[in-house]
1. Calculate what fraction, in whole %, of the accessible area of the chain sits on carbon and sulfur atoms when a 1.4 Å probe is rolled over the protein chains.
2. Taking the Kirkwood radius as the inverse of the mean 1/r across Cα pairs, report the Rg/Rh of segment 12-53.
3. Report the Cα-based extents of segment 151-260 along its three principal axes, largest first, to the nearest Å.
4. Kindly rank 121-128, 252-259, 41-48 from highest to lowest mean number of other beta carbons found within 10 Å of each residue.
5. According to the Cα gyration tensor, what semi-axes, each the square root of 5 times an eigenvalue, does the equivalent ellipsoid of segment 1-136 have, listed from largest to smallest in whole Å?
6. Per residue, what volume in Å³ does the convex hull of the Cα atoms of segment 204-280 enclose?
7. At a 1.4 Å probe radius, which order do Lys56, Lys225 fall into by accessible area, largest first?
8. Take the chain, connect every pair of alpha-carbon atoms lying under 10 Å apart with a spring to form a Gaussian network, then pick out the residue of Tyr50, Tyr140, Tyr150 with the largest mean-square fluctuation.
Amino acid sequence: LTEVEDQLLAYRKNVGIEGSPVLLTYSTNKEISKLIEKVCDQGDGKSYWYEDVLHKLWRIEDQLMIESLQQAFKKLKRCYIVDGHHRAASAVRLGGKATAWLSSLYLPIEHLQFAAFHRLIDPGEIDRGDLLKEIAKGYYMSYIPNNKPYRPDRKGRMGMFFSGIWYQLDPKPSIADSASPADVQLLQELILAPAFKILKPASDERLTYFDDQGGWTLLLSKLAKNERLIAFTLFSITPRELMDHADQGRMLPPKSSCILPKAPFGLLMQDLNLDKETAK
């Protein structure tokens with residue numbers, strides 16, 4: 001989001017430290033996996049506990065192993081940024097035409113966990129009939145039994161909370177084919193843009209996001225306090241779907257997926273002033 005990017009840029013500029021690496025992923029590579037296993041087998045590494053999770057770090061000082069890893073990573077055809085887009089953007093903005101250094105953490109795609117980001121909208125004045133007509137162009141609507149909060153159970157489906165009622169939205173045949181864009185993209189293009197005039201989701205103050213991990217309870221509490229709010233719940237994008245969108249050059253809306261694990265802030269830190277000296 002724009003505000004987050006501005007905050008990271010200011011931190012990077014004034015503090016001079018990158019406190020968390022950009023997370024990148026790649027398709028499974030046996031050569032890299034074997035090299036990493038070899039490093040881990042040579043020692044226990046250093047252990048750090050954070051929020052009941054054990055993190056272990058291995059420092060590689062053997063020059064032959066470093067060169068082997070460099071050569072193996074050079075063979076990768078594609079890598080994908082899965083967490084840290086704002087950090088990457090702030091580094092580019094601050095660096096200008098100079099080299100923008102980034103601390104990075106690479107994980108194979110099968111080691112990542114994907115979860116959905118849900119949308120909450122404070123719509124202000126909105127015509128109920130116009131909204132339902134816009135949704136009906138692409139989705140069938142049905143009530144949720146006992147009006148229970150609804151999290152979709154498969155791709156294509158969405159949940160909606162509107163005027164105190166939970167609905168299930170199922171895509172009509174025109175958009176239900178397997179080649180259709182990601183659900184977050186369909187939500188943006190078919191509902192948020194035409195019905196709410198949310199054309200810039202990265203900066204629109206009416207729109208907030210709640211991840212499916214720790215944010216679900218918070219989302220429900222906000223809906224319980226204010227029935228004028230409107231929520232859309234989504235099914236998580238898959239790793240393959242993410243890669244396909246990137247390979248085809250498709251732009252995804254902000255907060256398209258919550259991806260874990262994340263390195264705790266401060267566990268892997270980079271002194272940007274040292275980077276400047278290295279660049280010279």
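1. 53 percent
2. Ratio value, two decimals: 1.10.
3. 42, 32, 28
4. Taking the mean over residues of other Cβ atoms within 10 Å, the ranking is 252-259, 121-128, 41-48.
5. Computed over segment 1-136, the values are 38, 21, 17 Å.
6. Per residue, the Cα convex hull of segment 204-280 comes to 200 Å³.
7. Numbers: Lys56 85, Lys225 175 Å².
Sorted descending by solvent-accessible area, the residues read Lys225, Lys56.
8. Tyr50
The values are calculated or read from the model by the stated rules, or taken from the named source; none is laboratory data. Model, not experiment: these values are computed from the prediction. Neighbour counts are summed over all protein chains in view; Cβ atoms, including those assigned to glycine, are modelled from backbone coordinates with ideal geometry. We work out accessible area using only protein heavy atoms, side chains counted, and drop any ligands, DNA or RNA first. Shrake-Rupley method; radii C 1.70, N 1.55, O 1.52, S 1.80 Å.
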